[in-house]
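Here's the structure we're looking at; comments come further down.
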Amino acid sequence: MADEAAGRLRVESALLGDLGHEVAIAFVDAVLELLPLFGREGRVIGIDISVPSALDEVLRVMAPGGRLFILINLYADNEYSLQWVDKLKVPVHMRSAAEYVSLLQQHGFDNVEWRQIPDDTPTPDDYKTKSFRSLDDLRAFKRKGALLVIASKPAC
């Protein structure tokens, strides 16, 4: 039990920085039945899947039949999110939903699917945004929504 708790605590330390580093997740093989991946703001676990070993490492720690959930706000199919690229201070690998599906399949994941998750929360007319050129763009981004990619580890 202590090892399991320590593993959960180390998830935060699995956040990756620079591109090109090897990835190691602090769990033994085949233990995670559910693995949500969010951007750094979500702070569940952030993995730069452009690092070649990242998806292999994710697959390693997942239990057979385990499911992976990746929520992405900045992606090629939501043209309104592209306004952020120039404002970010980190390299960005812009991918479409189809490219994410292909990438996961190339790394051995099964049952890969995606869907857009609209955000129907209201945006006040007096809301000030620095992330979008206009409130209309923010609202359009929210209507289109985040990209949710779901995949499974083969069940042996």
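Each reported figure results from applying straightforward, stated rules to the coordinates on display, with no laboratory input. Values in this document were obtained by computation on a predicted structure and should not be read as measured data. Because the Cβ atoms are built from the backbone with ideal geometry, glycine has one as well, and the counts that use them run over all protein chains shown.
What does the highest-first list of 135-144, 117-126 look like by mean Cβ count within 10 Å?
Working: 135-144: 16.4, 117-126: 9.4.
Ranking the peptides 135-144, 117-126 by packing returns 135-144, 117-126.
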Problem set entry | Inter-part distance where the stretch 67-87 and the stretch 125-156 are each reduced to a Cα centre, Å | 7 Å
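Sorted by average packing, counted as other Cβ atoms within 10 angstrom per residue and highest first, what order do 64-76, 98-110, 80-92 take?
Numbers: 64-76: 17.5, 98-110: 15.8, 80-92: 11.8.
Result, highest mean first: 64-76, 98-110, 80-92.
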